[in-house]
1. So which residues in the stretch 166-195 are modelled with pLDDT under 95 and more than 23 Å from the chain's Cα centre (by Cα), if there are any at all?
2. So, in the stretch 148-157, of the ones that are in a helix (DSSP H, G or I), out of contact with any helix residue (DSSP H, G or I) (no Cβ under 7 Å at 6 or more places or on another chain) and of a type outside the set (Gly, Ala, Ser), which residue ends up surrounded by the most Cβ atoms within 10 Å (Cβ to Cβ)?
3. What pairs come out if I take residues in the stretch 252-280 that are among the aliphatic types (A, V, I, L, M) and pair them with residues that are in a helix (DSSP H, G or I) whose C-beta lies under 6 Å away, six or more apart or interchain?
4. PRO163 fails exactly one of the following numbered conditions: (1) over 25 Å from PHE218 (Cα atoms); (2) in contact with a helix residue (DSSP H, G or I) (Cβ under 9 Å, 6 or more places away or on another chain). What is the number of that condition?
5. So for the stretch 229-238 (the condition being crowded, with 20+ Cβ neighbours inside 10 Å, under 19 Å from the mean Cα position of the chain (by Cα) and within 19 Å of ARG140 (Cα to Cα)), does at least one residue qualify?
6. Restricting to the stretch 97-106, name every residue that is exposed (fewer than 15 other Cβ atoms within 10 Å of the Cβ) and modelled with pLDDT of 85 or more.
7. Just one of the numbered conditions (1) of a type in the set (Phe, Trp, Tyr); (2) over 19 Å from GLY282 (Cβ atoms); (3) in a loop (DSSP other than H, G, I, E, B) is not true of TRP188; which one?
Amino acid sequence: MKWAVAIAAVLAAPALGLRTSARVERSASELPADGSASMSFHVQPRSVLGLSAPMLPSTRAALSLSPAIARASCGAGSRGPVCTVVAGTTPGEVRGTLRVEDALGLVTEVPVELRLVADASDTDKDGFPDAVELDSEDDRQAFRRWFVTMAAAQYPTPDPRWPEVHRDCAGLLRFAYKEALKAHGAGWRKGRELNTASAPDVSKYRYPAVPVLGDKLFRVAPGAYDAQAALESSFSASASARWLLSANAVRVPASRAQPGDLLFFEDPEAGGMAYHSMVYLGDLDGVGPEVVYHTGPDSRPGGSKGIVKRLRLEDLLSHPDEKWRPRDDNPHFVGFYRWKILD
């Protein structure tokens, strides 16, 4: 008898002007702007005229948010609709409306407010906020594949999107790094012939909407990340080979080198360009492990702008100039390194 009265009350509710058929519970009101944190809005039955009314199976929910710094989706839950919000990478206030409508036309409109905050923690004290580090294996592999693809694609003809002013050994690393973190949709692919049709993108964030750092991806100062200091004092959109080595990468044994890792050399006699960098490609074409690098410009009067070279690691090990051989007994070889966001 109780359920019969409750159902009758639900049927009568529209005529009585009752427009609240459900209540909404949220799991959080604040999220780190890290590109992956999430929260849920659970739609639950609400009493009508003092009696508990069941949630009808056909109840639907929709959630709109503004600005679009978080994304929302709604679906069916065990007791009613559930809407999930996934944080983007831009901090800020988000407002919107959660609209719930059942088969009887009863509507609940709940205002939504939540806050995305920059997650500035640096748990491993490596100088990079945790929010920037790629903490899933899928994302790490996606980055590696795109980074290797973009570095290798600069041989023999550099991409016109790679500014000439940045064409040197460190510039090759920076260009491939930024391109690897982008969304690779139809617009990005236009004019590019790359064997990456099925390669997934990094999902945690997309350049230039990088958590905390924005477009200032490269660390140019030693030490742990300090959220209280001005970002520009420690990070830049550009960095020399010296800073890429000392502040943006960690050394790994040659036996553990993976595609997308880096090689560094030091030549004190080269003056202001004492450090040289290369990208380890792995075995892309079945000819054995390879490396790719930009020779850098010749600073002498009338010198060339430099070119991109790609060669087998085996050939580099027997390079005519011993200082470019990646061997532990070569005092000029600094070692194999890995980007900190992958470590």
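1. Across the stretch 166-195, the qualifying residues are GLY191, GLU193.
2. Narrowing the stretch 148-157 to residues in a helix (DSSP H, G or I): 148-152.
Filter once more, so that each one left must be out of contact with any helix residue (DSSP H, G or I) (no Cβ under 7 Å at 6 or more places or on another chain): 148-149, 152.
Pick out the ones that are also of a type outside the set (Gly, Ala, Ser) and you get 148-149.
Numbers: VAL148: 24, THR149: 22.
For the stretch 148-157, the residue satisfying everything is VAL148.
3. Final answer for the pair search is ALA274/PRO268; VAL279/ALA151.
4. Among (1) over 25 Å from PHE218 (Cα atoms); (2) in contact with a helix residue (DSSP H, G or I) (Cβ under 9 Å, 6 or more places away or on another chain), the lone unmet condition for PRO163 is (1).
5. Initially, the stretch 229-238 is screened for residues crowded, with 20+ Cβ neighbours inside 10 Å, giving 234-235.
Cutting the leftovers down to under 19 Å from the mean Cα position of the chain (by Cα) gives us 235.
Then keep just the ones that are within 19 Å of ARG140 (Cα to Cα); that gives none.
The answer is no; no qualifying residue exists.
6. Within the stretch 97-106, the subset exposed (fewer than 15 other Cβ atoms within 10 Å of the Cβ) is 97, 103, 105.
Passing the criteria: only THR97.
7. So the condition that TRP188 fails would be (3).
Let's see how each residue does on (1) within 26 Å of PHE128 (Cβ to Cβ); (2) in a loop (DSSP other than H, G, I, E, B); (3) in contact with a strand residue (DSSP E or B) (Cβ under 6 Å, 6 or more places away or on another chain):
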site	(1), (2), (3)
VAL250	yes, no, yes
SER255	yes, no, no
PRO259	yes, yes, yes
PHE265	yes, no, yes
ALA270	no, no, no
HIS276	yes, no, yes
VAL279	yes, no, yes
GLY286	no, yes, no
TYR293	yes, no, yes
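The values are calculated or read from the model by the stated rules, or taken from the named source; none is laboratory data. Predicted model, so just to flag it, every value in this text is computed and none were measured. With ideal geometry, Cβ positions are generated from the backbone for all residues, glycine too; neighbour counts draw on all protein chains shown. The accessibility values were calculated without ligands, DNA or RNA, using every heavy atom of the protein model including side chains. Shrake-Rupley method; radii C 1.70, N 1.55, O 1.52, S 1.80 Å.
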